[in-house]
Amino acid sequence: METRVVRGYHIHIYYDQRDGPGAASALSDAIAERFDVEIGMWRDKPGGPHPAPMFQVNFAAALFADVVPWLMLNRGGLDLLVHPETGDDVADHGDHALWLGQTLPIDFDAVREFIEERRRREAAGAVG
Ligand code: ZN
């Protein structure tokens, strides 16, 4: 079995569009207050692979044992996707993923499209 290096983790904090971003935003702030994390993008509607609006938080692999147990106790009923960054985006959002709360349907075609797009951009950059 192949072992991959985990460079870091993402947390995607999903919320119901009808409830608004309040609780998810507050949770994202609370994580940032306690831990040395980077606040990533905020999507105010479903899009790309994400089936619901969400906040993203990124953190170093070494913080996993601090951040994730805290979230287990403090996620406030929100659905969270915690996934490693190994360089394989499809596996990271699928087979490698950890869900707290409900498992939501990730659109893997959108993940593959994103990877293709990135490849095209990188190829174009290498030529130019
Ligand atoms: Zn992610």
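Could you give me the ³J(HN,Hα) list for the range 70-78, computed from phi with Karplus coefficients 6.51, -1.76, 1.60 and θ = phi - 60°, whole Hz, x at Gly and Pro?
Running phi through 6.51 cos²θ - 1.76 cosθ + 1.60 with θ = phi - 60° gives 4, 5, 4, 8, 10, 7, x, x, 7 Hz.
Can you list the residues, at least 5 places off or on another chain, whose amide H is less than 5 Å from the amide H of Gly47, using H built in the peptide plane?
Placed amide hydrogens put Ala52 under 5 Å from Gly47.
If I take every Cα pair under 8 Å that is 6 or more residues apart in the range 9-127, average their sequence separation and divide by the length, what percent do I get for the relative contact order?
Numbers: 173 pairs, mean separation 34.2, N = 119.
Reported relative contact order: 29 percent.
For the chain, what is the accessible area per residue in Å², given a 1.4 Å probe and the full set of protein chains?
Working: 7590 Å² over 128 residues.
Per residue, the chain has an accessible area of 59 Å².
For the range 79-122 and the range 45-70, compute the distance between their C-alpha centroids and round to whole Å.
11 Å
Give the Debye-formula value of log10 I(q)/I(0) at each listed q (0.12 Å⁻¹), with one equal scatterer per alpha carbon of the range 9-127, two decimals each.
-0.44
Taking H placed 1.01 Å from N in the peptide plane, check which residues at least 5 places from Asp79 or on another chain put their amide H under 5 Å from its amide H.
Those lying under 5 Å, H to H, from Asp79 are Tyr14.
Go ahead and set up a Gaussian network model of the chain, Cα springs under 10 Å, then flag whichever of Ile31, Ile13, Ile115 fluctuates most.
Of Ile31, Ile13, Ile115, the Gaussian network model singles out Ile115 as fluctuating most.
Taking all protein chains as present, what is the carbon and sulfur share of the accessible area of the range 9-127, in % to the nearest whole number, probe 1.4 Å? Please list the in-between numbers first.
Working: 3350 of 6580 Å².
Carbon plus sulfur share of accessible area: 51 percent.
What ³J(HN,Hα) values, in whole Hz, does the Karplus curve 6.51 cos²θ - 1.76 cosθ + 1.60 give for the range 3-13 when θ = phi - 60°, with x put for Gly and Pro?
Computed from phi, the couplings for the range 3-13 are 9, 10, 8, 8, 7, x, 10, 10, 10, 10, 9 Hz.
Taking amide H positions as placed in the peptide plane 1.01 Å from N, state which residues far from Gly40 in sequence (5 or more) or on other chains have amide H under 5 Å from it.
So Gly40 has HN proximity to Gln56, Val57, Asn58.
Going through the range 1-51, which trypsin sites (Lys or Arg not before Pro) have at most 15 other Cβ atoms within 10 Å and a DSSP loop state?
When the trypsin sites (Lys or Arg not before Pro) of the range 1-51 are filtered for loop state and at most 15 Cβ neighbours within 10 Å, Arg4, Arg7, Arg18 remain.
Can you compute the FRET efficiency between Glu117 and Ala91 using 1/(1 + (r/R0)^6), with r the Cβ-Cβ distance and R0 = 30 Å? Round to the nearest 0.05. Mind showing how you got there, number by number?
Details: r = 18 Å, r/R0 = 0.61.
That pair, Glu117 with Ala91, gives E of 0.95.
The values are calculated or read from the model by the stated rules, or taken from the named source; none is laboratory data. Note that the coordinates shown come from a computational prediction; the quantities given were computed from them, not determined experimentally. Backbone-built Cβ (ideal geometry, glycine too); neighbour counts: all protein chains shown. We work out accessible area using only protein heavy atoms, side chains counted, and drop any ligands, DNA or RNA first. Shrake-Rupley method; radii C 1.70, N 1.55, O 1.52, S 1.80 Å.
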